[in-house]
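Following: one structure in structure tokens, then a few remarks.
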Amino acid sequence: MKDSEIVALYWAREERAITATAEKYGSYCHTISYNILHSKEDAEECVNDAYLGAWNSMPPHRPSRLSVYLGKLVRNLSLNRFQRYTAEKRGGGQTALVLSELEDCIPAHTSVEDAVAERELTAAIDRFLLSQPRQKRNIFLRRYWYLSPIRDIARAYGFSESKVTSLLHRMRKDLRLHLEQEGIL
């Protein structure tokens with residue numbers, strides 16, 4: 001079923017929308033959540049919560065790319081759950097490691113007034129990624145958006161883990177330089 005047809009089901013408030021979403025994007029959403037939480041049960045709950053979030057947000061939203069919309073919903077839900085778990089000293093997985101890798105090149109914001117600076121940062125990162133070759137950009141996104149383990153990325157691209165680690169290190173260094181040149185750092 002096409003994304004536009006699934007979105008139309010949501011707009012018509014037909015429960016088949018959830019089933020169609022699960023059939024088409026269930027594995028995709030579960031992978032995103034599992035990479036963050038490393039718990040099958042927690043990932044399933046976040047995916048189900050994402051379906052509920054989609055149900056509650058359509059209408060009024062009409063996403064043109066349902067995969068991106070669902071990916072963002074499930075990622076945010078999973079990161080929120082991860083934060084609750086780490087606050088309770090029960091966290092696991094590599095989410096903290098992945099986020100700490102970006103600490104040196106992404107400035108921390110401490111107030112609401114920094115929202116504009118955050119938008120500028122987002123735009124600068126987008127420009128940086130768009131300037132990269134497709135493969136490097138995809139590797140970067142798999143690591144820092146989807147929080148995929150290095151070994152999974154290496155396997156997917158036929159690289160050694162050390163090559164992926166080195167590539168990501170160089171990209172973070174280049175990102176930092178790019179952000180400095182744009183006056184963000």
> What list of ³J(HN,Hα) values in whole Hz, one per residue of region 175-182 in order, does the Karplus curve 6.51 cos²θ - 1.76 cosθ + 1.60 (θ = phi - 60°) give from phi, with Gly and Pro shown as x?
Replying inline: 4, 4, 4, 4, 5, 5, 5, 7
> Tell me, what HN-Hα J-couplings in whole Hz come from the Karplus equation 6.51 cos²θ - 1.76 cosθ + 1.60 at θ = phi - 60° for each residue of region 129-145, using x for Gly and Pro?
Replying inline: 5, 5, 7, 8, x, 3, 5, 5, 4, 5, 5, 4, 5, 4, 6, 9, 9
>> Would you report the distance distribution of C-alpha pairs in region 4-46 as whole percents per 10 angstrom bin, up to the bin with the largest distance?
In response: 30, 39, 26, 4
> In sequence order, what are the phi-derived ³J(HN,Hα) couplings for region 11-23 according to the Karplus relation 6.51 cos²θ - 1.76 cosθ + 1.60 with θ = phi - 60°, rounded to whole Hz, with x for glycine and proline?
Replying inline: 5, 7, 6, 9, 4, 4, 4, 5, 4, 5, 5, 5, 5
> Quick one: length gained pulling Ser160 to Asn56 fully straight, 0.36 nm per residue minus the C-alpha distance?
Replying inline: 33.2 nm
> If the cut-off is 19 Å between C-alpha atoms, which lysines fall inside it for Lys173, apart from same-chain ones fewer than 8 positions away?
Replying inline: Lys136, Lys163
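FYI, it's all coordinate maths here, none of it is from the lab. Note that the structure is a prediction, hence the values are computed from the model and not measured.
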